[in-house]
Amino acid sequence: MTNPIQPATGAAAASADVQATAQADVARALAEDVGAGDLTAALIDPARRVRARVLAREEAVICGAPWAEAALRALDPGVRLAWQVAEGQRCAADQVVLEIEGQARALLSAERTALNFLQLLSAVATKTRRYVDAVAGTRAQIVDTRKTVPGLRMAQKYAVRMGGGTNHRIGLHDAVLIKENHIAAAGGVTAVLRAAQAAAAGAKFIEIECETLAQLDEALQAGARMVLLDNMPLALLNEAVRLNAAHPAGPAVLEISGGVTLEGLRALAETGVDRISIGTLTKDVKAIDFSMRVQELA
């Protein structure tokens with residue numbers, strides 16, 4: 001008999017909040033996929049145990065260990081797992097990232113759910129890492145948005161962190177982001193900022209979108225501490241950064257968004273902005289290709 005696979009280490013460091021999120025996400029996914037039972041896996045002897053390996057078919061940043069483990073443990077609480085690539089670390093193409101030993105029926109039933117989370121979250125982390133690497137050496141942070149898969153926002157925002165990015169607000173409930181329609185409906189930049197400052201003292205932050213240098217000047221005079229510069233051309237962005245740095249009210253945190261591409265990212269970061277928010281980190285992702293290969297125990 002060969003030596004048993006050692007207990008899991010891949011998700012051990014995940015916070016209690018991440019573990020709870022993973023378990024809830026996986027419960028929904030298994031209910032959707034397995035339902036009342038896996039008709040095909042039922043053909044296999046329930047006493048049979050197997051080993052399996054999960055391979056990444058392409059280079060990636062590995063992400064999703066808490067979700068993969070939750071899927072496997074939900075159907076086989078005694079499954080043994082050994083991660084060969086740590087969460088948030090890069091793997092090579094065709095590298096084994098996870099070794100598994102457990103009940104054959106359970107592994108086959110959990111396979112697709114576990115791999116679905118790995119392929120999505122690794123894709124987000126991998127894409128985020130590319131953008132983070134592109135701005136290395138500048139002050140700019142790469143920030144996500146609310147453009148997430150419905151029901152999987154917390155999972156995708158976790159993946160952004162694993163890729164080296166920064167989370168924006170979680171939703172409409174924890175921070176204020178005043179956009180052009182809010183400004184128009186409230187009666188102008190100063191009016192809407194004063195209303196926010198009075199009504200949203202407990203918010204994580206208050207941020208206002210500015211489309212012109214005049215709006216930026218007014219926002220700073222009204223006490224804005226975080227400003228979103230949306231779809232500004234590069235020349236105007238440079239002017240905005242200079243205006244913000246020299247303003248008597250003191251510089252605010254400057255964030256830019258809109259039309260950001262990997263090719264143009266470095267030039268944007270070199271303007272001196274603090275944050276670059278990018279919806280494509282979570283909205284337009286191509287899944288990483290993973291596969292699981294099963295072998296009988298010796």
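When PRO66, PRO77, PRO46 are checked against the criterion of being more than 20 Å from GLN119 (Cβ to Cβ) and either modelled with pLDDT of 95 or more or hydrophobic (A, V, I, L, M, F, W, C) (or both), PRO77 stands alone in meeting it. Summed over the range 201-222, the residues that are modelled with pLDDT of 95 or more and crowded, with 16+ Cβ neighbours inside 10 Å give a count of 13.
Scanning the range 32-41 for residues that are loosely packed, with under 11 Cβ neighbours inside 10 Å and not charged (D, E, K, R) turns up GLY35, ALA36, GLY37, LEU39, THR40. The residues of the range 272-298 that are assigned to a strand (DSSP E or B) and not aromatic (Phe, Trp, Tyr), listed by number, are ARG275, ILE276, SER277, SER291, MET292, ARG293, VAL294, GLN295, GLU296.
Residues of the range 30-71 that are on the phi < 0 side of the Ramachandran plot and among the small types (Gly, Ala, Ser): ALA31, ALA36, ALA41, ALA42, ALA47, ALA52, ALA56, ALA60, ALA65, ALA68, ALA70, ALA71. Looking at the structure I just gave you, is GLU180 surrounded by fewer than 21 Cβ atoms within 10 Å (Cβ to Cβ) and under 17 Å from ILE256 (Cβ atoms)? Here the answer is yes, as GLU180 does meet what is asked. Of GLU111, GLU99, all but one fail to be crowded, with 20+ Cβ neighbours inside 10 Å and either touching a strand residue (DSSP E or B) at 6+ places or on another chain (Cβ under 9 Å) or of a type outside the set (S, T, N, Q) (or both); the exception is GLU111.
Kindly establish whether LEU281 is touching a Cys at 6+ places or on another chain (Cβ under 7 Å), buried (at least 21 other Cβ atoms within 10 Å of the Cβ) and either outside the structural domain of ASN116 (by TED's automatic domain parsing) or not hydroxyl-bearing (Ser, Thr, Tyr) (or both). No: the conditions fail for LEU281. Looking for something touching a Gly at 6+ places or on another chain (Cβ under 6 Å), of a type in the set (Val, Ile, Thr) and over 30 Å from ARG105 (Cβ atoms) - is there at least one such residue anywhere in the range 234-243? Yes, that holds for at least one residue. Contact map, the range 186-202: first residue among the basic types (Lys, Arg), second residue modelled with pLDDT of 95 or more, Cβ cut-off under 8 Å, separation 6 or more or different chains; pairs are ARG194/ALA222. Taking GLY137, is it more than 27 Å from LEU265 (Cα to Cα), surrounded by fewer than 21 Cβ atoms within 10 Å (Cβ to Cβ), out of contact with any Phe, Trp or Tyr (no Cβ under 8 Å at 6 or more places or on another chain) and at pLDDT 95 or above? In short, no.
Annotation: of all residues in the range 240-271 being more than 25 Å from the chain's Cα centre (by Cα), among the hydrophobic types (A, V, I, L, M, F, W, C) and not in a loop (DSSP other than H, G, I, E, B), the one that is surrounded by the fewest Cβ atoms within 10 Å (Cβ to Cβ) is ALA246. Looking across the range 44-75, the residues that are β-branched (Val, Ile, Thr) and either under 18 Å from LYS127 (Cβ atoms) or within 24 Å of the chain's Cα centre (by Cα) (or both) come down to VAL54, VAL61, ILE62.
Which one is nearest to the chain's Cα centre (by Cα) among residues in the range 272-297 that are polar (S, T, N, Q) and over 30 Å from ARG105 (Cα atoms)? That would be THR282.
Checking every residue in the range 154-171 against the condition of being free of Cβ contacts under 8 Å to residues at least 12 places away in the same chain and over 16 Å from THR280 (Cα atoms) gives zero matches. When the strands (runs of 3 or more DSSP E) confined to the range 78-181 are screened for residues that are among the polar types (S, T, N, Q), those reaching at least 1 such residues are found at 95-103, 141-143.
The values are calculated or read from the model by the stated rules, or taken from the named source; none is laboratory data. Since we're looking at a predicted model, the values are computed, not measured. Here the Cβ is made from the backbone with ideal geometry for all residues, glycine too, and neighbour counts use every protein chain on show.
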